[in-house]
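See structure below.
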Amino acid sequence: MHALKNVKVRPLDEDVNCTALFDTGSGVVKVQREECKVAEGVEVERYLDEGRKYVEQGDPVQASEKLYKAAEEAVKVLARRFALPEHEEAEGKGRWTAILLSSAVRSLS
């Protein structure tokens, strides 16, 4: 199932509009890069830049790792903004698990 949503993120008292594509079947999330330039979104942008660099260098393994990490960080930003229970659980555990990330994607879609 695919869901395209326009969402407003306010991670650090700064509104940021994001267009996010959620694929609940695979757990993939795509967020437009230009819209993720906020404090937490800096990680998203950094991983996107690194991923593109590896694509240009012909290193698909490193590229896929960095691009996956960008999507993962985008989910975390959105989960925090919308105060999802998955974010609270991750905060309590001190880390995000694959199950929590997948659940957050479903909650956001």
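Being closer than 18 Å to V44 by Cα and of a type in the set (A, V, I, L, M, F, W, C), is that true of even one residue in the range 81-92?
Here is the first cut: in the range 81-92, the ones closer than 18 Å to V44 by Cα are 81-82, 87.
Of the ones still in play, those that are also of a type in the set (A, V, I, L, M, F, W, C) are 82.
Yes, there is a match, as at least one residue in the range 81-92 is closer than 18 Å to V44 by Cα and of a type in the set (A, V, I, L, M, F, W, C).
Rundown of residues vs (1) modelled with pLDDT of 90 or more; (2) outside any helix (DSSP H, G or I); (3) over 12 Å from the mean Cα position of the chain (by Cα), yes/no style:
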position: R52; (1), (2), (3): yes, no, yes
position: A79; (1), (2), (3): yes, no, no
position: A83; (1), (2), (3): yes, yes, yes
position: A90; (1), (2), (3): yes, no, yes
position: I99; (1), (2), (3): yes, no, yes
position: S103; (1), (2), (3): yes, no, yes
position: R106; (1), (2), (3): yes, no, yes
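Starting from residues that are crowded, with 17+ Cβ neighbours inside 10 Å and of a type in the set (V, I, T), keep the ones in the range 41-94 and report whichever is nearest to L108 (Cα to Cα).
Residue satisfying both the conditions and the ranking: V75.
Which of the following residues is touching an Asp or Glu at 6+ places or on another chain (Cβ under 8 Å) and hydroxyl-bearing (S, T, Y): S103, S64?
Exactly one residue qualifies, and that residue is S103.
The values are calculated or read from the model by the stated rules, or taken from the named source; none is laboratory data. Only a predicted model underlies this, so the values are computations on that prediction, with no experimental measurement involved. Reconstructed Cβ throughout: ideal geometry from the backbone, glycine too, with neighbour counts over all protein chains shown.
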